Amino acid sequence: MGATVGYIALLVLFLAPAGLSQTPEEFLQSFVGQKLILRHIGDRMGAKVKKNDLAHVKGSCDVAVQVREAAWRKGTARFSLEEIGTPNIYGKQSTCTERHDEHMVEITGFENNQPTDSLAASVRALLQTPDQYLTAQGIKFDYPPASEDTPLSKAPPPLTQPRTILSVDPTYSKQGRQEKFQGTVACTLIVGADGRVYRPKLAHVVGHGLDEQALRIISMWRFEPARQLDKPVAVTATISVNFRLY
C-alpha cells in the first residue's frame, strides 16, 4: 500500500509537557488517544524494556500507533497500543518481519515517585511524535506550529509545491482485509507554512472501513512547506492513499 501527494497541510501532536505538579499516573494518562510512532520494536506484540536499557534497543520495525491505555504501577509504565500505520521517510519504509493489530509495551525500573521530566525522556526513546521521530532520524524539522486559520497563499506563481518528508501508510481495515477490497482514498487538506496538516477532509471515498483508516493517519504526515519567493506559505493539497493487497 502506498501514498502519493497531489498538492497539500496539517495538525500537530505533541507529547504533553511534563508539569512539575504532575504525578507519573497523570503524566501517562496524557498519552491516551495520542498518535505516535513506536520505535524499533513494532514487530513485537509484547515488549518489556528496562529503563536503563532503552538506549540499546535495536530494530528496524517502526510503526504508527494510537495509545489506547497508559498506566503506572510500582515503577513500571505500561502502554496498550493499536497499530494504525507504517511511517515512511523520503519513501523509505521501515522493515517489519511481523505485523500486529495491538501492542503491549512496558518500561520498567523507575522509582515509584519518578520525576515526570525524566519519565518523559525515557518514554520518548520508544514512543515519539512525528516531529521527534524526524529529529531522531537526523532530519531537521523545527517549524513552529502555525494557526489552523493561517490564510492560504493567493500569490501567483512561481510557487514551490510542498514536498513530503514523512508519510504514514494506514493499516487495512478488518472489513477491507476480509473482503479483499482494494481502492484509493483521496483526502483534501491544507499544508501549513509549518509543514503540518490542517483541516483534512475525505474527497473520494471507497467504503469498507478504508476511508476512516486513511483519514486517521493524515495528521501524522510532515512536509517541506510550499514556498513563495522563498517564504513558507500555506496551500491546499490532495493526498491519495492506495490500499493494495500484495
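With contacts defined as alpha carbon pairs under 8 Å and 6 or more residues apart, what's the relative contact order of the range 14-136 in percent?
Numbers: 247 pairs, mean separation 41.2, N = 123.
Value for the range 14-136: 33 percent.
Along the charge dipole of the chain, pointing to its positive end and built from +1/-1 on Cβ of Lys, Arg, Asp and Glu, which listed residue (Thr184, Val123, Pro232) has its Cα farthest out?
The one lying farthest along the dipole's positive direction is Thr184.
Can you tell me the Rg and the Dmax, both Å, for the Cα atoms in the range 14-136?
Every Cα atom of the range 14-136 included, Rg and Dmax give 13.6, 42 Å.
What order do you get for 187-199, 56-68, 223-235, 122-134 when each peptide is scored by the mean count of other beta carbon atoms within 10 Å, highest first?
Values: 187-199: 24.6, 56-68: 17.2, 223-235: 19.0, 122-134: 20.7.
Going from most to least packed, we get 187-199, 122-134, 223-235, 56-68.
Can you tell me the relative contact order of the range 127-246? Whole percent, Cα pairs under 8 Å, sequence separation 6 or more.
Numbers: 221 pairs, mean separation 41.0, N = 120.
34 percent.
Tell me, rounded to the nearest percent, the portion of alpha carbon pairs in the chain spaced more than 34 Å apart. List each step's numbers first, then the result.
Numbers: 5777 of 30135 pairs.
That tail contains 19 percent of the Cα-Cα pairs.
Label Lys231 and Arg163 with points 7 Å out from Cα along Cα→Cβ: what is the distance between them in nm?
About 2.2 nm, to one decimal.
I need the calculated FRET efficiency for the pair Glu102 and Leu152, taking r as the beta carbon distance and R₀ as 41 Å, to the nearest 0.05.
Numbers: r = 39 Å, r/R0 = 0.96.
My answer for the efficiency is 0.55.
Can you return the lysines within cross-link range of Lys92? Criterion is Cα-Cα under 19 Å, with same-chain partners fewer than 8 residues away left out.
Output for Lys92: Lys58, Lys140.
When the Debye formula is applied to the Cα atoms of the range 17-87, each taken as the same point scatterer, what base-10 log of I(q)/I(0) results at q = 0.23 Å⁻¹?
-1.17
None of the figures in this text is laboratory data; all of them are computed from the coordinates on show. The model shown is predicted, which means the values in this text are computed figures rather than measured ones. No Cβ is skipped: glycine too gets one built from the backbone with ideal geometry, and neighbour counts run over all protein chains shown.
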